[in-house]
């Protein structure tokens, strides 16, 4: 039996009416980005592999489909992320010494599904700010991220804040104290992600530095979690406390300007560990198992392109934001008629379409109105009228 019609596992397609719903959502999100002063860019789906993996971790490398370019003989990658492309554009394609705001929307491809429910071809949208080192830029990105949630009708989203500098500097302290071997960093990262305090201590021992690292997964909650973090990490190095101060300042800015947001702190939030090096943030909702949007600061990643600029931004999967329910948009139906009536009918059809209505013109007398038909054009005393 032929199976040519089957799609690869994890590869999906959207059909009417959800395909159009997704396109409308994409346009609305881009309208918000542009209204906030971001310039739209459209990077290519494939690039040289080394450019696509700039600043990324092992996970993105494994998720990137790779092919050999028949023209140059170099390895190409099908993008699994668009942030590195925005970095390249800022550093090389649109060079400015000032602040640059870029946004994008397009498909990415994952080499394998992240879980059984995920699409391997999500439609991503995102926004990035380059050249702005202050926390005000991070707060702006977070405000934009929350505005996208609003126009996508996500009710009462939960905003999660963390800071990559806390974990990174604790790791550096452990290595300096010869408590953690460089080759064990990946294992420690996995144990932090699993939030297993005993697993962390089994790897690091029971020193004061190890206990501080093991406490990270429990330092989460409302804004008061920052006070607990300062107490638990009191003996940590100065860079750890500087990161905590930045996190507290950012939380305060958000609380002032986004007073209705449900703000949560997670000191062990490590999303984007491959390249984020400052504040990180994500939006969650109880009805969705994964983050609806996430991002953070990644200063200096553009160095490989010759410009190590401050940078912060976020992205999201538009398919994930798409509501569960869709209703086909109603259409009007124009019957098949003879040539003597056709000119007048087509004039009426054109007028309806100019007014924003959808009109299906029958191609034969046998064609029946579609299931979402809201009205039919009928010739009444020489004038075509819509009859519902």
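The values are calculated or read from the model by the stated rules, or taken from the named source; none is laboratory data. Since the model is a prediction, treat every value here as computed from it, not as a measurement. Positions of Cβ are generated from backbone atoms using ideal geometry, with glycine treated the same way; all protein chains shown enter the neighbour counts.
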### Query
Any chance segment 318-328 includes a residue that's free of Cβ contacts under 8 Å to residues at least 60 places away in the same chain and over 27 Å from residue 193 (Cβ atoms)?
yes
**Message:** Taking the conditions exactly as written (surrounded by fewer than 19 Cβ atoms within 10 Å (Cβ to Cβ) and at pLDDT 95 or above), does residue 134 satisfy them or not?
**Reply:** yes
Per the filter on segment 318-346, residues in contact with a strand residue (DSSP E or B) (Cβ under 6 Å, 6 or more places away or on another chain) and outside any helix (DSSP H, G or I) are 330, 331, 332, 333, 334
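Condition check ((1) in contact (Cβ under 8 Å) with a residue 60 or more places away in the chain; (2) more than 19 Å from residue 299 (Cβ to Cβ)) across all residues:
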{"residue": "40", "(1), (2)": "yes, yes"}
{"residue": "46", "(1), (2)": "no, yes"}
{"residue": "54", "(1), (2)": "yes, no"}
{"residue": "72", "(1), (2)": "no, yes"}
{"residue": "75", "(1), (2)": "no, yes"}
{"residue": "98", "(1), (2)": "no, no"}
{"residue": "122", "(1), (2)": "yes, yes"}
{"residue": "127", "(1), (2)": "yes, no"}
Being in a helix (DSSP H, G or I), over 43 Å from the mean Cα position of the chain (by Cα) and surrounded by fewer than 15 Cβ atoms within 10 Å (Cβ to Cβ), is that true of even one residue in segment 347-361?
-> yes
Looking across segment 180-190 at residues that are within 18 Å of residue 162 (Cβ to Cβ) and under 25 Å from the mean Cα position of the chain (by Cα), the single one that is surrounded by the most Cβ atoms within 10 Å (Cβ to Cβ) is 189
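Okay, residues lined up against (1) under 30 Å from residue 24 (Cα atoms); (2) surrounded by fewer than 17 Cβ atoms within 10 Å (Cβ to Cβ):
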{"position": "105", "(1), (2)": "yes, no"}
{"position": "117", "(1), (2)": "yes, yes"}
{"position": "139", "(1), (2)": "yes, no"}
{"position": "146", "(1), (2)": "yes, no"}
{"position": "170", "(1), (2)": "no, no"}
{"position": "175", "(1), (2)": "no, yes"}
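Please verify whether residue 247 is touching a strand residue (DSSP E or B) at 6+ places or on another chain (Cβ under 6 Å), more than 30 Å from residue 369 (Cβ to Cβ), assigned by TED's automatic domain parsing to the domain that holds residue 158 and in a strand (DSSP E or B), treating the condition exactly as stated. Spell out how you get there, then give the answer.
Working: touching a strand residue (DSSP E or B) at 6+ places or on another chain (Cβ under 6 Å): yes; more than 30 Å from residue 369 (Cβ to Cβ): yes; assigned by TED's automatic domain parsing to the domain that holds residue 158: yes; in a strand (DSSP E or B): no.
So residue 247 does not fit the description; no.
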When (1) modelled with pLDDT of 90 or more; (2) exposed (fewer than 15 other Cβ atoms within 10 Å of the Cβ); (3) more than 24 Å from residue 141 (Cα to Cα) are applied to residue 228, the one that fails is (2)
Residue 310 passes all but one of the listed conditions (1) more than 29 Å from residue 13 (Cβ to Cβ); (2) in contact with a helix residue (DSSP H, G or I) (Cβ under 6 Å, 6 or more places away or on another chain); (3) assigned by TED's automatic domain parsing to the domain that holds residue 123; the exception is number (2)
Please verify whether residue 89 is assigned to a strand (DSSP E or B) and either touching a helix residue (DSSP H, G or I) at 6+ places or on another chain (Cβ under 9 Å) or outside the structural domain of residue 271 (by TED's automatic domain parsing) (or both), treating the condition exactly as stated. no
Quick one: is residue 55 part of a loop (DSSP other than H, G, I, E, B) and crowded, with 17+ Cβ neighbours inside 10 Å?
yes
Result of the Cβ filter at 6 Å on segment 363-386, keeping first residues that are over 12 Å from residue 332 (Cα atoms) and partners that are part of a strand (DSSP E or B), at least 6 apart or interchain, is 384/377
Exercise for review: Please tell me if residue 106 is within 19 Å of residue 39 (Cα to Cα) and assigned to a strand (DSSP E or B).
Suggested key: yes
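With the requirement that a residue be more than 19 Å from residue 189 (Cβ to Cβ) and either surrounded by 21 or more Cβ atoms within 10 Å (Cβ to Cβ) or free of Cβ contacts under 8 Å to residues at least 40 places away in the same chain (or both), what does segment 255-280 give you? Reasoning before the result, please.
So in segment 255-280, the residues more than 19 Å from residue 189 (Cβ to Cβ) come out as 255-265.
Matches in segment 255-280: 255, 256, 259, 260, 265.
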Those residues of segment 197-224 which are over 22 Å from residue 176 (Cβ atoms) and part of a helix (DSSP H, G or I) amount to 197, 198, 199, 217, 218
Apart from one, (1) under 22 Å from residue 223 (Cα atoms); (2) touching a helix residue (DSSP H, G or I) at 6+ places or on another chain (Cβ under 6 Å); (3) outside any strand (DSSP E or B) all hold for residue 281; the odd one out is (3)
